[in-house]
Structures are given as C-alpha cells and as structure tokens.
1. What list of ³J(HN,Hα) couplings, whole Hz, do you get for segment 72-86 from phi and the Karplus terms 6.51, -1.76, 1.60, once you set θ to phi - 60° and write x for glycine and proline?
2. Quick check on packing: order 88-97, 29-38, 176-185, 69-78 by the mean number of other C-beta atoms within 10 Å, highest mean leading.
3. Counting only residues 5 or more places away or on other chains, whose amide H sits under 5 Å from the amide H of R197 once H atoms are built in the peptide plane?
Amino acid sequence: MKLTNVITGAALASLLSAAALAHGGATGIVKERMDGMGVMKESMKVLTPMMQGKAEYDAEAVRRAAAKIQAHAGDTLTKLFPEGSDGKPSEAKPEIWTDWDSFAGLATQLETFSAGLAAAAGNGLMMAEGQHGSMMGGTGTMMGSSGMGSGSMMGAGMGAGGMTGGAHSVDDLSQMPADGVFMMLSQVCSACHTRFRSE
C-alpha cells in the first residue's frame, strides 16, 4: 500500500514537473496567461479548417470554440498582464505596458469578435469551397504570424487604433456570415501577436 502511494506520488510529481516545463518553466500569472493563450490557439485550430472549407462546417463546434476564446479575452486577458510580469519565460513584449491602450483595445476587440462569431455561427459560410485558400491568407498559422496583411480584406483597418472594434457590435456581427467574422477575429489575433509577442 505504501509502495503504491510512493509510486503514485512520484508519478504525480513527474506530471507536475512536465506541466511546468511545458511553458518553459513559467509559473504564477505568466503560466496562467500562457494556458489561456493555449486554449485560444486550440480553438483557432478547430475553427480554421472549417472556415477554409477544409473540414465540414459545424455551427455548434464554432459556437463552442468562439465561446472559449471569448472567455479568455477582454478584461480576463488584460488582468493577466500586471506591470512587471515580463521577462523570461514570458513572451510578452515591453510594448504591452508602454502602449497599454492599444493592447487593451485589441483584447476588447477579441472579446467582441469572438462573441460575434458565436452569434453568427448559424449563418454558415459566405465563400464557396475553393475560394477559402486564397481569401483566408495564412490563417493556418493563427495565433502566430499570419498572412493577413494590409493588402487583405479588412487589413487596412489595422492601424494604431486597432480594427475599428467600436464600429462593430455583437448584434451587427451576428448578421454576418461566420467566415467574415472569423476573418476579423483572426486579424485581431495576428495584430496582437505581431505587436505584443516575442517570437
């Protein structure tokens, strides 16, 4: 019995050690925000193939993935970035704190567009299969650097003030095709990573 407890304890210690190493040894609030980013990244991996027409569209799966992103966006995201929480193993750039309004604005847009995507999920896709590859740019690498640049649809709106997030309410977005809202959401992810994350 005692030997079993020792083995179980050793296995648990090993799992906890592996979990700590998963984010380069991050602990506390840095690990908490990395875990949240991981949830959003996995949600984007679920959404991207459907939006590109490479996987069967499932409105309920879109709602679930969008809800996960929304749960980690807005104030929930920004509160995980107190001053002084940069430096290794964090991937946060100092610009988060020197340009806080822009960072907070993108976090708010992320919340709005993810809520909008959940609301628009039942609308289906705007683009016919085959068009997605060219229109969606590099969304296969969402949550990192994507191919959605200033020359793409909506790209021109990504100035210092963000993507005119205030001009789009969740109600407005709920009337759009899901892939149109997803495109806007993915550009917020890309803009935030480009400006505020060290690769």
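1. Ordered by residue, 3J(HN,Hα) equals 10, 9, x, 4, 4, 6, 5, 5, 8, 10, x, 4, x, 9, 9 Hz.
2. Ranking the peptides 88-97, 29-38, 176-185, 69-78 by packing returns 176-185, 69-78, 29-38, 88-97.
3. K93
No lab work stands behind these numbers, since they all come straight from the coordinates. Note that the structure is a prediction, hence the values are computed from the model and not measured. Don't worry about glycine lacking a Cβ; one is built from the backbone with ideal geometry, like all the others, and counts go over all protein chains shown.
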